[in-house]
Amino acid sequence: MLLGSVDVFLGLNLGFGGFLTLGWLGPSDFLEITNQHAYLVQDSHMRFYGGLYVGVGLFLILSATNLAKYRLALNLVFVLAFMGGLARLTMMRSDIIFGPNIIGSLMAELILMPILVFWLSRIVKLNTAR
């Protein structure tokens with residue numbers, strides 16, 4: 001439920017704020033727009049991803065009510081988050097990827113997600129055996 005709540009928070013920040021975000025995670029004056037139309041197209045995509053993230057977060061909260069029932073979908077979410085973490089590595093900027101602003105998210109994506117897959121398997125087996 002905690003992970004889902006974080007996802008909802010992050011998704012709302014991006015979904016309602018677009019590229020510039022709502023500023024919930026810090027200053028949002030990091031972008032200079034030189035092509036208004038192209039920016040608005042990409043901003044629309046960012047808002048879609050934010051909304052998608054809200055949906056994932058709401059699903060994670062819902063799935064906490066019945067882990068066995070939602071196991072396959074939860075595993076999919078965990079694998080997708082892991083893949084997102086891998087995609088960060090394509091930036092090829094270790095100073096940013098492993099820097100203090102990203103390292104927490106990267107660790108959650110590349111370390112916590114596989115742990116959650118194994119934890120979920122174990123917890124569902126233990127509850128089924130009862």
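Read-outs: derived from the displayed coordinates by stated rules, not from any lab. Keep in mind it's a predicted model, so treat the numbers as computed, not measured. Virtual Cβ from ideal backbone geometry, glycine too; neighbours counted across all protein chains shown.
Ordering Leu62, Leu20, Leu31 by Cα displacement along the dipole of the chain toward the positive end leaves Leu62 in first place; charges were set at the Cβ atoms of Lys, Arg (+1) and Asp, Glu (-1). The label point for Met1 and the one for Thr65, both projected 7 Å from the Cα toward the Cβ, are 1.2 nm apart. Distance between the C-alpha centres of segment 74-130 and segment 33-62: 21 Å, rounded to the whole angstrom. Annotation for segment 31-114: trypsin sites (Lys or Arg not before Pro) lying in DSSP loop with at most 14 further Cβ atoms inside 10 Å of their Cβ are Lys69, Arg93.
In cubic angstrom, how much convex hull volume per residue do the alpha carbon atoms of the chain span?
Convex hull volume per residue, Cα atoms: 114 Å³.
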